[in-house]
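Undergrad: So that we are looking at the same thing, I have put the structure below in structure tokens.
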Amino acid sequence: MAPKIVCITGGLGSGKSTFCAMLEAKGYPVYYSDNRAKVLMNSDVKLVEAITALLGKVAYEGGTLNRSYIAERIFNDPQLKHKFESLVHPAVRVDFEHWAKISGSSVVFKESALVFEAKDRTCDYIVSIVAKEQVRIQRVIQRNPELNTERIKERIANQHQDDYRRKHSHLIIANNGSLSDLEVKVDYLLSKVI
């Protein structure tokens with residue numbers, strides 16, 4: 001029988017990866033969509049060829065994905081961004097389906113920033129992690145000091161807002177407090193889905 005798929009989503013700096021790491025620490029399988037996408041964009045030959053055809057050889061400077069070039073190219077070009085995502089999302093979906101099938105678990109968790117943007121139909125239950133904008137900005141600056149506040153706000157503005165997440169999720173987790181507060185919320189989610 002196919003496992004129940006619980007998708008964990010949230011905007012930039014919301015804390016979804018931290019939340020998922022806590023799930024993983026409790027022994028639950030977590031698929032990190034963004035990390036796997038990066039691996040696939042460097043290792044899946046057909047995907048590498050398709051991205052190169054779309055964005056040119058500069059997309060793979062020195063044989064590895066040139067993420068800053070790609071971000072710069074697609075950030076303000078919705079059509080190009082859509083074409084790029086239409087190459088990457090199917091490859092990630094196939095990879096996830098294989099991973100879920102061999103997980104051996106009755107419930108799996110999928111961390112994905114783009115559950116709504118990608119219209120992810122694999123989710124049986126959607127959990128959105130939300131946080132105040134200032135908290136999110138501080139978190140992003142801590143892990144990516146090269147980004148300034150203005151650039152972070154631009155990225156946040158390009159994602160679905162928390163009001164949208166509230167309307168389209170099964171559960172909302174507010175993550176403005178401590179790690180121990182978040183741990184309690186992990187246990188609450190597990191009580192709902194396990």
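Throughout, read-outs are computed from the coordinates displayed, never taken from laboratory work. Treat the numbers as computed from the prediction; the structure is a model and nothing was measured. Methodologically, a virtual Cβ is constructed for each residue, glycine included, from the backbone with ideal geometry; neighbour enumeration extends over all protein chains shown.
Undergrad: Give the cysteines in the chain for which no other Cys Cβ lies under 4.7 Å away, or write none if there are none.
TA: CYS20
Undergrad: If you don't mind, another one. Where in the stretch 135-151 does the label zone of THR18 land, with the point 7 angstrom along Cα→C-beta and an amide N cut-off under 12 Å?
TA: Correct set: 135-143.
Undergrad: Continuing with this model, one more query. VAL107's amide H: which non-local residues (gap 5+, or another chain) put their own amide H closer than 5 Å, with H modeled 1.01 Å from N in plane and none for Pro or chain starts?
TA: LYS4
Undergrad: Right, something else. Starting with the fewest neighbours, write out SER105, SER43 ranked by other beta-carbon atoms found within 10 Å of each beta-carbon.
TA: SER43, SER105
Undergrad: To make sure I understand, if each residue's beta carbon is the centre and we count other beta carbons within 10 Å, what order do ASP163, ASP124 fall in, fewest to most?
TA: Ascending Cβ contact count within 10 Å gives the list ASP163, ASP124.
Undergrad: Further, regarding this structure: How big is the charge dipole of the stretch 34-102 about its Cα centre, in debye rounded to the nearest 20, if each Lys and Arg gets +1 on its Cβ and each Asp and Glu gets -1 on its Cβ?
TA: Roughly 40 debye, rounded to the nearest 20.
Undergrad: If you rank VAL184, VAL48, VAL127 by fewest surrounding Cβ atoms within 10 Å, what's the result?
TA: VAL184, VAL48, VAL127
Undergrad: Do any GluC sites (Glu not before Pro) in the stretch 144-181 lie in a DSSP loop with no more than 13 other beta carbon atoms within 10 Å, and if so, which?
TA: GLU146
Undergrad: Which of the DSSP-defined H helices in the chain satisfy a minimum axial length of 24 Å, computed from C-alpha atoms, and a minimum mean Kyte-Doolittle hydropathy of -1.0?
TA: Taking the DSSP H segments of the chain (at least 24 Å long, mean hydropathy at least -1.0), we get 78-102.
Undergrad: Per-residue ellipticity at 222 nm for the chain, helices alone: DSSP H runs ≥ 4 residues times -39500 (n - 2.57), over residue total, nearest 500 deg cm²/dmol?
TA: Rounded to the nearest 500, the figure is -17500 deg cm²/dmol.
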